[in-house]
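Encoded as structure tokens, the structure appears first; notes follow it.
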Amino acid sequence: MDNQRNILVTGGCGFIGSNFIHLVAGIRPNWRLVNLDLLTYAGNLKNLEGIDEGRGYRFVKGDICDQALVNSLFKRERIDTVVHFAAESHVDRSIVDPDAFIRTNIFGTFTLLEAARSYWQGGTNTIAKPIFLHVSTDEVFGSLGESGYFTETTPYDPRSPYSASKASSDHLASAYFHTYGLPVIITNCSNNYGPYQFPEKLIPLIFNNGRNGKELPVYGDGKNIRDWLYVTDHCQAVVEVIDRGSSGRTYNIGGNNEKTNIEVVTLICEMLDAKIGPLPDGRSRNSLITFVTDRLGHDRRYAIDSSRLKEEIGWQPSVSFEQGIEMTIDWYLANQEWLATVIDGSYQDYYKKMYA
């Protein structure tokens with residue numbers, strides 16, 4: 001399916017949002033994308049190099065909590081589809097400073113839902129089949145035991161300010177479907193990884209520290225388990241949900257790649273040793289692993305059952321974890337200037353002047 005769409009992508013300069021824009025630009029030429037991003041620390045215009053302003057793409061610097069701005073974008077751009085990626089997403093930051101998570105993740109989602117309701121149901125537009133796709137996380141479900149999987153009917157049990165704020169926004173989105181008939185679809189994905197990920201996250205952090213011979217911090221005993229999803233697989237799933245998803249439905253998106261944190265770190269070390277050689281003293285990078293005090297409220301295991309998405313939409317992940325990690329390491333090795341500018345903060349300098 002490749003019907004014309006006018007899509008508001010929130011957080012399109014972030015990790016997943018920018019990968020989504022790159023994917024759509026290549027496979028859905030009739031989709032017009034309006035990228036609304038506030039350019040906080042996690043938003044980087046360099047993530048979208050090669051995506052030019054024009055008929056198919058427009059960038060707008062702005063806050064999803066700004067009701068007047070969001071309302072005007074819906075009307076001016078005739079938005080018929082929302083893909084809502086924008087969120088404060090780092091659990092550690094939410095523990096130290098939860099305020100921004102409450103504002104962006106809850107109030108920002110509310111602002112977007114109200115704008116969509118006003119424009120799509122206000123009686124002054126001709127939008128035939130709008131879609132509000134709310135992108136969420138498996139962390140809303142809490143922690144699993146040693147067996148079992150999160151399904152779309154798993155009760156919510158968030159354990160951090162981040163996951164609680166995302167759970168709240170999920171409930172808001174669902175309520176707008178049930179109360180107002182707004183055509184909402186919710187997706188809950190597992191841990192993403194791949195190009196353009198901000199280096200405070202586990203995989204780029206371990207890559208960068210390992211490349212530079214620095215300590216590799218691992219929380220607790222390193223046996224916390226996550227289901228890892230290559231970011232392009234996630235973005236492909238989002239495209240297919242837009243094409244064939246049903247309003248009022250929730251779809252889990254998982255990678256079928258359960259790994260302990262220590263397995264992830266060890267694999268990155270082994271691949272770095274193979275690609276760029278061991279440490280100068282001949283040691284493997286595994287020798288840099290250092291176990292540190294566990295994070296507060298650190299969920300033990302996440303695992304997603306994506307069978308609904310496979311059965312109703314026909315999607316399943318195409319990238320194994322080993323393939324994805326190698327592609328990710330190769331991307332970071334080939335884009336060390338990008339990584340350096342993000343780590344030292346200089347990536348923000350040139351557009352601070354543009355949008356001061």
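If I take every Cα pair under 8 Å that is 6 or more residues apart in segment 151-302, average their sequence separation and divide by the length, what percent do I get for the relative contact order?
Working: 194 pairs, mean separation 48.9, N = 152.
Value for segment 151-302: 32 percent.
Compute the length gained on full extension between LEU296 and ILE343: take 0.36 nm times their separation in residues and subtract their Cα-Cα distance, giving the result in nm to one decimal.
14.4 nm
Once amide H atoms are built 1.01 Å from N in the peptide plane, which residues 5 or more positions from GLY14, or in another chain, come under 5 Å H to H?
ASN44
Work out, step by step, the length gained on full extension between SER246 and GLN323: first 0.36 nm times the residue separation, then minus their alpha carbon distance; give nm to one decimal. List each step's numbers first, then the result.
Working: separation 77, 0.36 × 77 = 27.72 nm, distance 3.15 nm.
24.6 nm is the gain from fully extending SER246 to GLN323.
Per-residue HN-Hα couplings for segment 154-161, Karplus 6.51 cos²θ - 1.76 cosθ + 1.60 at θ = phi - 60°, whole Hz, x for Gly and Pro?
5, x, 6, 8, x, 10, 10, x
Which entries in LYS75/LYS310; LYS166/LYS201; LYS166/LYS259; LYS275/LYS310; LYS46/LYS223; LYS166/LYS310 show an alpha-carbon gap greater than 26 Å?
LYS75/LYS310; LYS275/LYS310; LYS46/LYS223
Considering only the other residues whose Cβ falls under 11 Å of the Cβ of GLY14, what net charge follows from Lys and Arg at +1 and Asp and Glu at -1?
-2
Mind giving me the FRET efficiency for GLU200 and GLU49? R0 is 25 Å, r the Cβ-Cβ distance, nearest 0.05 is fine.
Values: r = 22 Å, r/R0 = 0.87.
That gives a FRET efficiency of 0.70.
For ARG249, which sequence-distant residues (separation of 5 or more, or a different chain) have an amide H within less than 5 Å of its own amide H, given hydrogens modelled in the peptide plane?
ILE186
Within a Cβ distance under 11 Å of ARG300, other residues only, what is the Lys/Arg minus Asp/Glu net charge?
On the way: positive: ARG159, LYS223, ARG226, ARG301; negative: GLU146, ASP221, ASP294, ASP299.
Taking every other residue near ARG300 into account, the sum is 0.
If each residue of separation counts as 0.36 nm, what is the full-extension length gain between GLU311 and TRP331 once their alpha-carbon separation is subtracted? List each step's numbers first, then the result.
On the way: separation 20, 0.36 × 20 = 7.20 nm, distance 3.25 nm.
3.9 nm is the gain from fully extending GLU311 to TRP331.
Roughly how big is the chain's charge dipole about its Cα centre, with Cβ charges of +1 (Lys, Arg) and -1 (Asp, Glu), in debye to the nearest 20?
Numbers: 34 positive and 43 negative charges, 183 e Å.
Here the size comes out at about 880 debye.
Where the only charges are on Cβ atoms (+1 Lys, Arg; -1 Asp, Glu), what is the dipole of segment 237-322 about its Cα centre, to the nearest 20 debye? Please report the intermediate quantities before stating the final value.
Values: 11 positive and 13 negative charges, 30 e Å.
Rounded to the nearest 20 debye, it is 140 debye.
Taken together, the values in this text are just the output of simple stated rules run on the coordinates, not laboratory data. Here the structure is a predicted model, which means the values were calculated and not measured. Don't worry about glycine lacking a Cβ; one is built from the backbone with ideal geometry, like all the others, and counts go over all protein chains shown.
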